[in-house]
1. 222 nm [θ] for the chain, helices only, -39500 (n - 2.57) per DSSP H run of 4+, per residue, to 500?
2. In whole angstrom, note down how far apart the Cα centers of region 72-143 and region 190-213 are.
3. What is the Rg over Rh value, at two decimals, for region 77-185, using alpha-carbon atoms and the Kirkwood definition of Rh?
4. Along region 153-161, what does the Karplus equation 6.51 cos²θ - 1.76 cosθ + 1.60 (θ = phi - 60°) give for ³J(HN,Hα), rounded to whole Hz, x for Gly and Pro?
5. Straight-line reach from Lys3: which aspartates and glutamates have a Cα under 19 Å away, not including same-chain ones fewer than 8 places off?
6. Return the long-range amide H neighbours of Leu105 (sequence gap of 5 or more, or a different chain), with a cut-off of under 5 Å between placed amide H atoms.
7. Which Cα, out of Leu105, Pro73, Ala174, lies furthest along the positive dipole direction of the chain (beta carbon charges, K/R +1, D/E -1)?
8. Using the Cα centre of the chain as the reference point, and only Cβ charges (+1 on K/R, -1 on D/E), how large is the resulting charge dipole? Debye, rounded to the nearest 20.
Amino acid sequence: MGKQYVIKKVEKMLNEDTWSHLPKISIDRYPWDSNGYKPRVEVSVCYCDTGLHIYFTTWENSITVRSFNENEPVYKDSCVEFFLNPMPEKGSRYMNFEINAVGVLLLGIGSGRSDWGLLEKADHSLFNVRSSVPVNGCDSFKGPFWTIEYTIPFSFIKEHFIEFEPKPGKHMRANFYKCGDATANPHYGCWSPIDVSKPDFHSPEFFGSIILE
């Protein structure tokens, strides 16, 4: 049974105080754990008239970053991910936003592992990704946590899901992840539990529910 999260609406500019008052999602399931490394991760999501706002906080004392260009395999780095199906009533197709600790984004779309591809022509500046770790600060990072903040414009969602309407009560399907395939301690965490034998975040059948307030 997937989890559920209600996305609050905000009217004013986001700041630390805004995020501190929003309900948190915990990425606390590590179904394929083999080494005991299960970093604490919290996510807050809210929305305004123009888009979704996402804020990840990840508690780690060291990070791995090897990808510095758009759509490189950031999932091998210290990485957080958001998979979103805005129109579950129309099928299982989703977009995946995968972002490493310095804010490099991999963006794709599909309906599963065997039917998925990169959105190579998308303008990544649309999402205004902000990281607490500067690109030249990877080697000096000592924790205790790092953050990623970004926005997904509703206009971008509508480009790929034409019938999408972001109105109160809108039901969507999603999952939130933490991973690091090629870090010192490979790990695969999720919010909504996944029941497959091998690590595979491209499992929309296990997405939880997120609902616009």
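1. -1500 deg cm²/dmol
2. Between the Cα centre of region 72-143 and that of region 190-213, the gap is 16 Å.
3. 1.00
4. With the stated coefficients, region 153-161 comes to x, 4, 4, 5, 4, 5, 4, 10, 10 Hz.
5. Cα-Cα hits under 19 Å: Asp28, Glu42, Glu81, Glu89, Asp195, Asp200, Glu205, Glu213.
6. Placed amide hydrogens put Asn71 under 5 Å from Leu105.
7. Of the options given, the answer is Ala174.
8. For this selection, approximately 340 debye.
The values are calculated or read from the model by the stated rules, or taken from the named source; none is laboratory data. The model shown is predicted, which means the values in this text are computed figures rather than measured ones. Methodologically, a virtual Cβ is constructed for each residue, glycine included, from the backbone with ideal geometry; neighbour enumeration extends over all protein chains shown. Note: areas computed on protein heavy atoms with side chains; ligands, DNA, RNA excluded. Shrake-Rupley method; radii C 1.70, N 1.55, O 1.52, S 1.80 Å.
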